[in-house]
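Read the structure below first, then the notes.
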Amino acid sequence: MEQDAEAAQFLKEASLSVKKNAYFMRKAMDEDNLREALRYSAAMLGELRTSFLSPQRYYELYMQVFDELGNLEAYFADEQSKGRTLAELYELVQHAGNVLPRLYLMVAVGCLYIKAGGARSSDILKDLVEMTKGVQHPTRGLFLRAYLCQRSRGLLPDTGSPYAGEGGDIHDAVDFLLTNFMEMNKLWVRMQHQGAPRDRERREKERQQLQDLVGKNLTYISQLDGLTFELYAGSVLPRLLEQVVSCKDELAQQYLMQAVIQGFPDAFHLASLDALLSALPELQSGVKLHAVMASLMDRLARYAASDPSVVGQLLERHAFEKFVESISKVAELHGDIPAVSLVEMYAALMRFTEGVHPDKLENVNRVLGACQRGLAGKGLGGDAKAEKQLVALLSMPLGSRDAVTVLSLDQYPPLMGLLSRRTHKDMALKVVTTTLAQGTCVSSLESVEMLFKFIAPLVQEAEDDDDMDEEDIEEEQVMVARMLHQLTAPTPGLQFAILRAARAHLELGSPARLKHTYPALAFCGLKALRRLNAAQQQQQSGAAADADASADANGAEKDAERAAPAAAPAAAAAADAAGDAVDAESALQWLLDVALQLAEVPAPMQALRLLLVCAHVASEEAGLEMLAYEFFEQAFTLYEESVADSRHKVTALQAIVGTLHRCYVFSADNRDALTQSVTSYAAKLLKRADQCRAACAASHLAWQEPPAAAADGEVAVAVPGRQPPVRDAQKVMAGLKRALKVVAAAKQQRAATARGGKGGAQHLPLYVEIVNHYLYYLARGVESMSVGVVQQLLELVGSELSQYDADLDAETRSYWQATQRHIQCLKAADPDKYAGLNA
Amino acid sequence: MVLVLCIGDIHIPHRATDIPAKFRELLKPGKIHHVLCTGNLCSKSMLEFLRGICSDVKVVQGDFDDFESPEHLVVELAGFKVGVCHGHQVVPWGDREALAILQRQMGADILVTGHTHEFKAAVYEELLQVNPGSATGAYSATSQEAVQPSFVLMDLEGGKATIYVYQLVDGEVKVEKIDHTKAAAAATAVTA
Amino acid sequence: MKNILGLVQGAPCRIDVDLKDEKGHRYKKTAVVKGKNGETEELPLFTNHDAIVGEVRITPLTTKRVEHTGIKVQLLGQIELASERGSPHDFVSLVRELAPPGDVASAAQKPLPFEFRNVEMQYDSYRGLQVRCRYLLRVSMTGKGMGSDTKKDAPFWVRNYDVPPDEAPPIKMEVGIEECLHIEFEYDKARYHLKDVVVGKIYFLLVRIKLKHMEVEIRRRETTGAGSSAHNESETIAKYEIMDGAPVRGENIPIRLYLSPYDLTPSYRDVHNKFSVRYFLNLVLVDEEDRRYFKQQEILLYRKADDPQQQQQQQQPPQAPPSLGSSSS
């Protein structure tokens, strides 16, 4: 800090001195005293001889002097018009005793000399670039040469320039800039080795501040009109690279390689790729070659994007292959290259090939393979950055392609295997997300197997999953479960094969995972089963009426179509014939297995409702009574043994009743058996209200509506083994009676527990509900349900309501009013039928 | 005007991968005032999705939901009493008269239920019943037909309900409009 | 003013010397010579074997009649050592009688012409630290009552021109301090004329010290006496920085030193056995601790005529090249 203040003070004083000398210099110029003007200019320039300033501050001082030199130059130009030749001046300024001021003056006069046409440009430039070697101090030398570079701009014997011809040619111009560049680079590199080792960091920072002074030379070379590719490749590039390589300085190599890549035209790089790449292995091991290569590859990729013909040239020159080779050579030579750098190089290569040859999948595979080989033995070494890069690399192919295509790359999983489990998992999630986002269908067994290899960490257990909470697992597994719907084969047979394969993988996971994935797997199976049925029906109807077949099939097999639009029905049939044929029974058997495994998780509710869906499908789509029965039985077992929570029991029973009501496959005996179980479950529910409602619901089991499809008058699907709808008025009435008994019991219980008290009229809404069911059945024409029966109940309920009027809550009151309104509506609609009803 | 989204039977991840992209585009935050969900979201992430559309989300319990929600609920919206229930509890499933029993019990001007995966809007005894169908077109055991994804948007204002049905048919969104006026009788009690 | 003072002191006359060229016009060739304290004076300039022609004018300062016993003019070439001040050694001494004894007034009636033809003036005029070589015309009037002030010295300057010597090999040598600093330096020539440019370079073979800068000095060494009684006096005529900063091995530093701005004379090997003047280029390297490392190398300076006709043919034969020291390591 103190040093800093000192330096600031020093700069202030130096700056003052510059001002003072510049003043006298200008004064001398006004008086036309050349000798004095030179004397003061040398004194002014002498301030630049300091070693005390950091490059930043030195630059400030330099700029101040630079501005003043402008005045001097104007004066010199004037001197010439007064008859003093610039040749004399050029000698005169060389009498200055100190080398730094002398050289600044020489540059100033020398450039005027060229401009005035008094001397050959190349002669003066050669002289200047040589004499400036007198300044070996890095900072001072760099600024002096920067001044030379800057002042000589436009005075070079470039092709087409007025200074060419007599004054030299493009080769001289190139030589000049290259020489200056090399000298500057040497100075710049030397800075690194001067001063105490502990200041290394500061020095590097200071050097970075100076890098553009060095790079300017290259910029000017690249801007020469006469710079042809031949000249570049034949002379400029080899000399540049020689300098870059031989300076053995990381910072310089890093910067200069980038400067070369950024500075010269794309076409040059394209044509001189070999030379550029061959320099890379020779650079210091600390140079970030990946950044260099990335720049090069990115440039060429952009070039290709702007000019389609470049793609061809890149192919012709085997650019990709060269990059592959170059990277492996670099890796070989720098055995200690950090994994992160290696991966970054391959990531850049991946970007290149994806940008230039998006169609070349084999390139992607080669990059993956090469990267994997490069990392073989050392792995990522636990470097989080390397891992991040690898994820980026692995993500790239997923960005532009669907996951299935990427899954076909055999080099992908081994490389992915290098990731830590956690990252591998992130990557796996990315694969899943991509598949989901792109709606990719994974339609072959091989792809499915590969996919699960990719996402193994999501599916399988590992020790470090312990720290995952329920929510994390859910979030993850929901993704996997969603993806299962994208596993869609062209034929139902193959579909089941795929689902079986998926299950084999999912099974490896913990129950906590299965809970989320198995329901999805099961529904995939159900969807497949529906396709299977549709396909079979199509075959049958196809046999019957060939002409209509294809149209029907298109309608019926919508899912199949969506899954594999390209697959023709013929191909699908062939695939099934090839051995993966499956029938509904085995499919349902498989679903039963899945459901039971889910029950063991344990997830009884999930298993139970799945069993019910399967039961319905077995009944209504497959017409397999025994299996349907089996599903119900298994569901009942779960209900009895595994569902403990009373609310769950209510919900489960609702589902059982609703499903059974929809099943038409059962013989009377089987149906009775199932219904009896339901009735007994209903009676055993915890709350009277639930018992009552369940009894009402169960009453519907004796009164089925005709199956929906037939009712809508569509072509009836010929489901084998379908029984006619059950219409048993007796049982309906019995069911409702049970409900009434529950209410009566509830009323008594209330009376017993809350004698005289208020607020205990829970049985009343149940009464109203039962009234509504009576009315429902009356409307449906259930024989035993006459207006008289209903009227009797209405009166009972009416009197109950008035008895408990004080306790009546608003809901029940409103319910009763709504029921009365309903009755009025019924009467209005059919006065004859409902004449006897009076609310 | 009050815009109410009725949506349900999403069944992600059990039966479907995602809400159709075209629906997602329509269901942008900031337009809808209330969401009534008929249940069977099946994953919490879908609940989050709904909450992203509008902060006021009411959900009832579906038969495949593993998180706890009310069996049914009634909300007052723009002068309408709207009842919501998943519907698997009502036997026979989707039956108009059976649902009417529930509707009377709830005293609802509009009853929103799901479960059948089939859009339906019916007026029974001057009361409106709406089923928004399945937003994902999820597999349904009861319907052998391929299910069309659908949801309903209700515009409630001054005793008038305009029902917009959004259906995805062959990849295109189709909108139908149904007008309904609240029954005058519903407001008056029969017994004094 | 001196004359006026002389008047007060009663000097009988003033003596003026006017030099003429061959055609009888006023002599115009002059040399600007640096004197002490940076002053310069302008003196008539001659070369060996030139004719020195002119006239002396006597101006009486009194109307009193003053008798003299004769007026003469001497041409003197003197070498004067600081150590023996006041007793110069005349290596040329010529005399011409200007007027026979008579009175001053009659001598003043007309200019008194004189003439020295083909004068041997082989040594250049020189003003050094401890020695000088000078030429002068001394007019003296003798007689009764004549003091030292009836004497007039008119100095003039002699410069001789050398034939450009034959090509000589450049000076090239490798010097150093073991394991510390090895350099090779090269001056393009061993001989330079006074307006010449020294061109050379320094090649750093090994640098293990941190140098700060490097300069070339031009040193002049006067030697008087001979053998064991020889006395040397050196002076640095020029300091010319040629490098700023610390080079590394392999660097080449160019030298280009213009000699014209400096007050140099040719090298004088042996002036009348009295003294010699030699020049050296001294390469000085200064390290960060201000230690100086130097290597001195003699160069021979000669005067080249601006006008080739001025070259004289009877110059000394070229001197043998100086023995070059070998590398110190």
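Quick note: the coordinates plus some simple rules give every number you see, no bench work behind them. Model, not experiment: these values are computed from the prediction. Heads up, the Cβs are rebuilt from the backbone with ideal geometry, glycines too, and the neighbour counts pull from every protein chain shown.
Amide hydrogen proximity for C:Tyr268: with H placed 1.01 Å from N in the peptide plane, the residues at 5 or more positions away or on another chain lying under 5 Å are C:Val277, C:Arg278. Under 5 Å between amide hydrogens, built in the peptide plane, is the criterion, and for B:Glu71 it picks out B:Gln61 among residues at least 5 positions away or on other chains. Relative to the longest principal axis of the C-alpha atoms of chain A, give the angle of the C-alpha long axis of helix A:99-115, reported between 0 and 90° and rounded to the nearest 10°. Between helix and principal axis, roughly 90 degrees. Where Lys and Arg each count +1 and Asp and Glu each count -1, what net charge lies around A:Leu361 among other residues with Cβ under 13 Å from its Cβ? Value of the local net charge: -2.
Here the sum of -39500 (n - 2.57) over DSSP H runs of 4 or more residues, divided by the residues of chain A, equals -23500 deg cm²/dmol at 222 nm, to the nearest 500. Counting Cβ atoms of other protein chains within 10 Å of each Cβ in A:281-290 and taking the mean gives 0. A crude spin-label estimate for the pair A:Asp809 and A:Ala77, with each label 7 Å from Cα along the Cβ direction, gives 10.1 nm. Report, in degrees rounded to the nearest 10, the 0 to 90 angle that the Cα long axis of helix B:44-53 makes with the longest principal axis of chain B. Approximately 60 degrees, to the nearest ten. Each Lys or Arg adds one and each Asp or Glu subtracts one; over the other residues with Cβ under 14 Å from the Cβ of A:Lys827, this totals -1. Taking a ≥ b ≥ c as the square roots of the eigenvalues of the Cα gyration tensor, the range B:104-181 is oblate, since a/c reaches 1.5 or more and a/b is not larger than b/c. Per-residue shielding of B:101-109, expressed as the average number of other chain Cβ atoms within 10 Å of the residue Cβ, stands at 6.
Per-residue ellipticity at 222 nm computed for chain C from its helices equals -1000 deg cm²/dmol, with DSSP H segments shorter than 4 residues left out and the rest contributing -39,500 (n - 2.57).
Placing a pseudo-label 7 Å from each Cα along the Cα-to-Cβ vector at C:Glu289 and A:Gln748 gives an inter-label distance of 11.9 nm. The alpha carbon gyration tensor of the range A:761-834 gives principal lengths a ≥ b ≥ c with a/c of 1.5 or higher and a/b greater than b/c, which makes the shape prolate. Between 0 and 90 degrees, the angle of helix A:729-753 with respect to the longest Cα principal axis of chain A falls at about 80 degrees.
Report the normalised scattering of the range C:171-310 as log10 I(q)/I(0) at q = 0.17, 0.20 Å⁻¹, calculated by the Debye formula with identical scatterers on the alpha carbons. The Cα Debye sum returns log10 ratios of -0.95, -1.16. Which residues in the range C:279-300 have a backbone N closer than 15 Å to a point placed 7 Å from the Cα of C:Cys180 along the Cα-to-Cβ line? Within reach of a label on C:Cys180: C:285-295.
For chain C, compute the orientation-averaged projected area of the C-alpha convex hull (one quarter of its surface), in nm². Quarter of the Cα hull surface area: 20.7 nm². Its alpha carbons give the protein assembly as shown an Rg and a Dmax of 57.3, 193 Å.
Scanning residues 5 or more positions from A:Gly286 or on other chains, none has an amide H under 5 Å from its amide H, with H placed 1.01 Å from N in the peptide plane. Put a dot 7 Å past the Cα of B:Val2, heading toward its Cβ, do the same for B:Lys31, and the two dots end up 2.0 nm apart. Go through A:Lys649/B:Lys120; C:Lys201/C:Lys239; A:Lys430/A:Lys453 and tell me which ones have a Cα-Cα distance over 25 Å in this structure. From the list (A:Lys649/B:Lys120; C:Lys201/C:Lys239; A:Lys430/A:Lys453), the Cα-Cα distance tops 25 Å for A:Lys649/B:Lys120.
Using the Cα gyration tensor of the range B:1-111, with a ≥ b ≥ c the square roots of its eigenvalues, what is the shape: rounded (a/c below 1.5), prolate (a/b larger than b/c) or oblate (neither)? The shape class here is oblate.
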